[in-house]
Every structure is written in C-alpha cells, then in structure tokens.
Amino acid sequence: MRARTTLAVGSLLMLTATGCGAADMTKQASPFANAQGAKSVTLSVQSWVGAQSNVAVAQYLLEHKLGYRVDTVQVDEVPAWDALSQGRVDAILEDWGHPDQEKRYVEDKKTIARAGDLGVTGHIGWFVPTYLVKQHPDITNWKNLNKYASLFRTPESGGKGQLMDGSPSYVTNDKALVSNLKLDYQVVFAGSEAAQITQMKQFAKEKKPFLTYWYSPQWLFKKVPMTEVQLPPYKDGCDADPAKIACAYPHTPLQKYLNADFAKSGGRAAAFLKKFQWTTEDQNEVSLLIADQKLSPEDAAKKWVDSHPDVWRKWLS
C-alpha cells in the first residue's frame, strides 16, 4: 500500500469546451504522481461538461474547505481505468458503465474500489429537435426513421441520413444499431461534445432537421428542446454482444471509483469523494454556467457552492 495521503499538485486544467488545454493522461503521467505524503489529490476529468462540473465543485471544496491542492488530468473513458488502477489518478467521479474494466480492476485485481453513486442517472439515446416532431409526430418511432432519411442527408453521410455522434471515444452502440435495425443512415462523428453542440445549435438556429446521439444530464436541452426517438426497449442482456445490439441504451446510475490504496489511506479527501453526491439539476446548473454563460469552472463552482451549502456541508462531515 502506498504510504501517502493523496497524489499530485496543480491547478484545474479544463478541456476544450472551456477554452483551455488539459494534460492528457493517455500520453503522459502527472508530474506529481506518487508524490509521497503530499496533501493533494488527482482527479480524472472526461471531455463532457457534466464531468467537468463534478470535478470543478469537488476541486473547489477540496481546496477551499479541506485544504488540499488538486491536480486534474484529462483521460478518455477506458484509459482512465488504467490510470486509476496504476495510481496515476485518485478518482473517477462519473463513469457511464464499463463492465469489462470493472471486472478486471474491481473484482479481479482489486486495484480500484467502488465509491458509490454520483446521484445522477445517465441515459444515452437518439434525439430529434422538438420543432421537427411538431411537423412529423411519428418520427419519434425508430420504425419510421427510414421514411424520413432524406431529411437528414448531409455531405458527410454518403447519400444516407446522418446520425450525428460526438467523440468516437464515448460509449456508443450506434453503428451496430443502424446495421441491425436496417436503417438507411450513416453514423458521422462530430469529434467532440463541443463540436457536436456547435452543430446542433446551428441546425436549431436555422430550424433544420437533425438526428443525434445525445445524453442526459445535459444543459443543452434547456437551450435546444429535443425529443427522444423510441428505439426497441432495453432489456437486461440485450447489449451483451456488441455486434448484435438492437435495443435502446439503458438508464445508468452514474458511478464513482477510487484507486484502492487511496480509498484506504486517502484521509478526508477520500471520505469526501465517497460522500460527494448531487442531483441532475445540480450538475446541469453548474454545466450551464460553464458552457453557456462562459464562467470559468472555478467561478461556476464557487457560485454553486455559495448558493447550496445545505447540499455540500454533509459531504464534509
């Protein structure tokens, strides 16, 4: 077991959605990793703004209420598990479900420990703008999508309807769904959440049709109302074989994970992160401040902390 309280030192390094760069743990380790005895903590942050909001608030409270210094590093979803297992980061605050990694690191190697629910339920789905539903009410049933494929054609979709995805690194079954449901669509990746948001906002401004992979919680629903397309119902095990998936995405209670050594010896920081739990509304409030109102993550976190002491004080007890 590592004889230390936490790992790493530094300032919040946010992502492209906030206009700043971030260290990429898939390419380098934090220069402060394995800093023995330092009262500091390293948090993994993913590229979507909801994950940034978790980290911003956790960092603010760790620094201003518990006296820690915090380093954050950008890691894609699957490599984050490797980094956490190796002690290069101390915590993942929002995981959308990676059963293979959970079995390997939590159950078999026991190098990662569960840290409980984030308090937010995540859901991925296919969405169309609500203004389009008013014109074509039956478009929300997947069985009717081929009838409307021509509405969604773009130069990138090769003569088929475009199903817009974000980053290829995100959890997605969309290529298999398109194939197995025999849909006349092409999955086109925007490249990132920020790029996807830019495209959706432009489509909405011009009242153009679009079909997109999207997820909740997400602040954009407040700015661009969207309606989910009903895919075949999710049932336990329907997504067991990635090549044969032909069902909707599940509703997933989002989970937190800690490095196993840190979970045992991380002191007040580890205890705080285990208790860190908030609602979809809380997360969306901070996300909206960061992504739409363009506050810095620290300022957005401070604004939320100042107005919600009844929520976060119990995390410190």
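What FRET efficiency, computed as 1/(1 + (r/R0)^6) with R0 = 35 Å and r the Cβ-Cβ distance, is obtained for CYS238 and GLN135, rounded to the nearest 0.05?
0.65
Nearest 0.05, what FRET efficiency do THR154 and ALA195 give at R0 = 22 Å with Cβ-Cβ as r?
For R0 = 22 Å, the calculated efficiency reads 0.95.
Amide H to amide H under 5 Å from GLY116: which residues, 5+ apart in sequence or cross-chain, H placed 1.01 Å off N in plane?
LYS256
Given the peptides 147-158, 93-104, 284-295, arrange them by the average over their residues of other C-beta atoms within 10 Å, most packed first.
Values: 147-158: 15.2, 93-104: 17.2, 284-295: 19.4.
By packing density, highest mean first, the sequence is 284-295, 93-104, 147-158.
Using only alpha-carbon positions, what ratio does the radius of gyration of the chain give when scaled by 2.2 N^0.38 Å?
For the chain, the normalised Cα radius of gyration is 1.03.
Counting only pairs 8 or more places apart or on different chains, how many lysine pairs in region 122-251 have C-alpha atoms closer than 14 Å?
Number of lysine pairs found: 14.
Between LYS223 and VAL78, what is 0.36 nm times their sequence separation minus the Cα-Cα distance? Round to one decimal in nm.
49.2 nm
Please give every one of the aspartates and glutamates within straight-line cross-link reach of LYS294, meaning a C-alpha to C-alpha distance under 13 Å, and leave out same-chain neighbours fewer than 8 residues apart.
Within the straight-line limit of under 13 Å, LYS294 reaches these aspartates and glutamates: GLU285.
For region 62-76, in order, what is each residue's ³J(HN,Hα) by Karplus, 6.51 cos²θ - 1.76 cosθ + 1.60 with θ = phi - 60°, in whole Hz (x at glycine and Pro)?
Couplings: 4, 7, 8, 10, 10, x, 8, 9, 10, 10, 10, 9, 7, 9, 5 Hz.
Could you give the nm distance between label points at LYS205 and LYS175, where each point is 7 Å from its Cα heading toward the beta carbon?
With each label placed 7 Å out from Cα toward Cβ, I get 3.2 nm.
Grab every C-alpha pair in region 122-251, bin the distances at 10 angstrom width from 0 up to the longest one, and report whole percents.
12, 48, 36, 4, 0
Suppose only helical runs count, i.e. DSSP H with n ≥ 4. What mean residue ellipticity at 222 nm does that imply for the chain under -39500 (n - 2.57) per run, divided by all residues and rounded to the nearest 500 deg cm²/dmol?
It comes out at -9000 deg cm²/dmol, rounded to the nearest 500.
Gap in Å between the Cα centre of region 97-149 and the Cα centre of region 249-265?
18 Å
All of the numbers you see were taken from the coordinates with simple rules; none came from a lab. No experiment lies behind these values; they were computed from the predicted model shown. Methodologically, a virtual Cβ is constructed for each residue, glycine included, from the backbone with ideal geometry; neighbour enumeration extends over all protein chains shown.
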